[in-house]
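K.L.:
Just dropping this structure here.
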Amino acid sequence: MFLNGVSLIFTTELNQTGIHIVSTDERSLTLSWELNSEIHESPVNVTVVANNLDGGEEYTCVLGQTGNATCADLVPGCNYTVKVDDLKGTVESSALTSASLVPASPGKLNRTFCGSFEAPDVTLCWSPSEGCVDYYSVNVTQSGGEVVFSTKTSEGANTATVTNLTAGTKYNITIFAHSFNKSSASKLDTFATKPSEPSQPLNLLVKVLGKTEVKLNWESPKHPNGVISAYTVCFAYKHYWDQSYSETNCTNKTAPEMDVNGNHFKTNLSLPFAGTFYTFSVAALNEMFTGKSVLVDARTHESTPESVTGLYAQATNTTITLMWSRPDVPNGNIIKYQLQWSKGKHVCRIFIEADTHSTWGRDAERCDSELPEPIDVNQVDVNYTITGLEHLKDYDLWLTPNTAAGDGNTCNLTQRTTETSPGPVGNLTIRDIRSAAINVTWTIPEINPGPTNYTAVAISTIPGQEHTARCEVEGQ
């Protein structure tokens, strides 16, 4: 028959009834029994022994008050047969029952033999329970209590492979030993998977705040794969669309340097140039790795440009050709150049404009130079020839680039026109010939840059009497 889940075996001639297991723990069991009233009337000797069904020595149990005994120092988790013998005079009878003990708790994780903890699949092992164990049950949870993995080992194996874990994450593990349908007290422990490279931050946005400042907004990575300690914020720039980006400038931003709201982050960046093309990147840093970057582009608001580069001039007797390259630091789109020079008492100013006709400033009718063709926005190299100038004269020239924000820095140079060769004299006439002199007259050249020196040369044409005479006259 069965009482409270305990198997009882009686010999048919015995007078014993009511034997049962009162309690069990890891190392002991307590049982009790009742005798028939006839037996209670006479002295009885009782002996209780326990035998481990998995083998081992026989344990003699300690009798307590009438009808009970405690069997101690047993092996945890094992199944025992308990025999109660009683002797009344020369009559001996016995009864058998069986009971299993509570298994001992398993030990902590063994980090020496199973300590790599590399996600996603991690093999865990632990110190086995003392005594008898049928199997272990393993539950793995995250810090919030969510169960991420459960399993049962086979044949008492004290190892398990936990799958689909996340890198760089702390986990709690609970292990139970099971034997004969009884469970041990739980063993609690923790472990952390090794960090790996974080994924990209999410939803990176840039807001241009002005000429040299922006605000970056992003969210933490979907897979941090560790504890995010900082974010690497970088930028590179180029002044013109047709250029390559500069070297990258990076800084690590920690919490005090950012506006943090849960998984949302904000930070302001001060930048070196206005009106410039920037590319921004943000990457997460955990204990060991810098993650993949996420990128976003923006252009800051325009400002006035710096001066042009490589300005030089070439001159003829009536023209000066200016050549220059666009500014190294434009701070925006170069849409116009102002060129200015003086002609007599008048100031000539011309606007060389992009994608539209160039225009003159005031007193244009006195400048006697041609309007140039339109240039391209941010054209690399530009030239313009000023015509109608005087020969052998110094001209001061000023050149100013423009963006939509206004005039930039002006650079200037002074260039002298070259000297003009005079034209031929006119109406050359011999007025009289003397014995030792010849008087001649002429009219000044139509092209007369003046003042001009004249040289008259007389050459003898008499055969055998070659002679040359020369004189110089300073004219107007």
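K.L.:
Using a 1.4 Å probe, what is the accessible area per residue for the chain, in Å²?
P.N.:
56 Å²
K.L.:
Treating only the Cβ of Lys, Arg, Asp and Glu as charged (+1, +1, -1, -1), what charge dipole size does the range 48-141 show about its Cα centre? Round to the nearest 20 debye.
P.N.:
220 debye
K.L.:
Sticking with this one: With a Förster radius of 60 Å, plug the Cβ-Cβ distance of Lys393 and Ser229 into 1/(1 + (r/R0)^6) and report the FRET value to the nearest 0.05.
P.N.:
The pair Lys393/Ser229 has a calculated efficiency of 0.30.
K.L.:
What percentages, rounded to whole numbers, describe P(r) for the range 346-408 computed over all alpha carbon pairs with 10 Å bin width beginning at zero?
P.N.:
Going out from 0 Å in 10 Å bins, the range 346-408 shows 18, 52, 27, 4 percent.
K.L.:
Here is a follow-up. What do you get for Rg/Rh over the range 234-382 if you use C-alpha atoms and the Kirkwood form of Rh?
P.N.:
1.19
K.L.:
For the peptides 241-249, 101-109, 294-302, 72-80, what is the packing order when you average, over each peptide's residues, the other Cβ atoms within 10 Å and list the highest mean first?
P.N.:
101-109, 72-80, 294-302, 241-249
K.L.:
While we're on this one: Among residues other than Leu399 whose Cβ falls under 13 Å from its Cβ, what is the net charge (Lys/Arg +1, Asp/Glu -1)?
P.N.:
Summing Lys and Arg as +1 and Asp and Glu as -1 gives 0.
K.L.:
For the range 63-195, count the residues as N, evaluate 2.2 N^0.38 Å, and divide the Cα radius of gyration by that value, please.
P.N.:
Here the Cα radius of gyration is 1.47 times the empirical estimate.
K.L.:
In square nanometres and to one decimal, what's the mean projected area of the convex hull around the Cα atoms of the chain?
P.N.:
Its Cα hull, projected and averaged over all orientations, spans 46.7 nm².
K.L.:
Give me the lysines in straight-line cross-link reach of Lys211: C-alpha distance below 16 Å, same-chain residues under 8 apart excluded.
P.N.:
Candidates past the 8-residue exclusion: Lys238.
K.L.:
Something else now. Which listed residue (Gln379, Thr452, Ser421) has the Cα farthest towards the positive end of the charge dipole for the range 341-476, taking +1 on Lys and Arg C-beta and -1 on Asp and Glu C-beta about the Cα centre?
P.N.:
Thr452
K.L.:
Which of Gly275, Trp241, Leu285 sits farthest toward the positive end of the charge dipole of the range 241-311, with +1 on the Cβ of Lys and Arg and -1 on the Cβ of Asp and Glu?
P.N.:
Towards the positive end, the residue furthest out is Leu285.
K.L.:
Consider just the alpha-carbon atoms of the range 130-284 and return their Rg together with their Dmax, both in angstrom.
P.N.:
24.4, 79
K.L.:
Looking at the range 372-476, which trypsin sites (Lys or Arg not before Pro) are in a loop (DSSP not H, G, I, E or B) and have at most 16 other Cβ atoms within 10 Å?
P.N.:
Lys393, Arg434
K.L.:
Using the Karplus curve 6.51 cos²θ - 1.76 cosθ + 1.60 with θ = phi - 60°, work out ³J(HN,Hα) for each residue of the range 284-290 in order, rounded to whole Hz, and write x for Gly and Pro.
P.N.:
In residue order, the calculated couplings are 8, 10, 10, 4, 10, 10, 9 Hz.
K.L.:
Using packing as a proxy for protection, rank 142-148, 57-63 so that the peptide with the highest average count of other Cβ atoms within 10 Å comes first.
P.N.:
Packing order, densest peptide first, comes out as 57-63, 142-148.
K.L.:
Another question about this same structure. Would you mind putting 422-428, 366-372 in packing order, based on average other-beta-carbon counts within 10 Å, highest first?
P.N.:
In descending order of packing, they fall as 366-372, 422-428.
K.L.:
So what are the three principal axis dimensions of the range 98-147 from its Cα atoms, in whole Å, longest to shortest?
P.N.:
If we take the Cα atoms of the range 98-147, the spans are 45, 27, 14 Å.
K.L.:
Suppose only helical runs count, i.e. DSSP H with n ≥ 4. What mean residue ellipticity at 222 nm does that imply for the chain under -39500 (n - 2.57) per run, divided by all residues and rounded to the nearest 500 deg cm²/dmol?
P.N.:
Roughly 0 deg cm²/dmol at 222 nm, from the helical runs in the chain.
K.L.:
A further question follows. Working out 0.36 nm times the residue gap between Ser127 and Leu413, then minus their Cα-Cα distance, what length gain in nm do you get to one decimal?
P.N.:
Answer, rounded to one decimal: 94.1 nm.
K.L.:
With charges set only on the Cβ (+1 for Lys and Arg, -1 for Asp and Glu), what does the dipole of the chain come to about its Cα centre, in debye to the nearest 20?
P.N.:
It comes to approximately 1580 debye.
K.L.:
If you wrap the range 320-476's Cα atoms in a convex hull and average its projection over all directions, what's the area in nm²?
P.N.:
So the Cα hull casts an average projection of 14.3 nm².
K.L.:
Is there a pair in Lys336/Lys393; Lys194/Lys253; Lys187/Lys222; Lys83/Lys152; Lys108/Lys292; Lys170/Lys215 whose C-alpha atoms are over 26 Å apart, and which pairs would that be?
P.N.:
Lys336/Lys393; Lys187/Lys222; Lys83/Lys152; Lys108/Lys292; Lys170/Lys215
K.L.:
Oh, and also: Report, in whole Å, the centroid distance computed from the Cα atoms of the range 421-437 and the range 295-368.
P.N.:
If we compute the Cα centre of each part, the gap is 51 Å.
K.L.:
Moving on to the next point. Relative contact order of the chain, please, whole-number percent, based on alpha carbon pairs below 8 angstrom and at least 6 residues apart.
P.N.:
8 percent
The values are calculated or read from the model by the stated rules, or taken from the named source; none is laboratory data. Worth saying up front: this structure is predicted, and the values here are computed from it rather than measured. When we count neighbours, we look across all protein chains shown, and the Cβ atoms used for this are built from the backbone with ideal geometry, even at glycine. These accessible areas exclude ligands, DNA and RNA; they are computed on the full protein's heavy atoms, side chains included. Shrake-Rupley method; radii C 1.70, N 1.55, O 1.52, S 1.80 Å.
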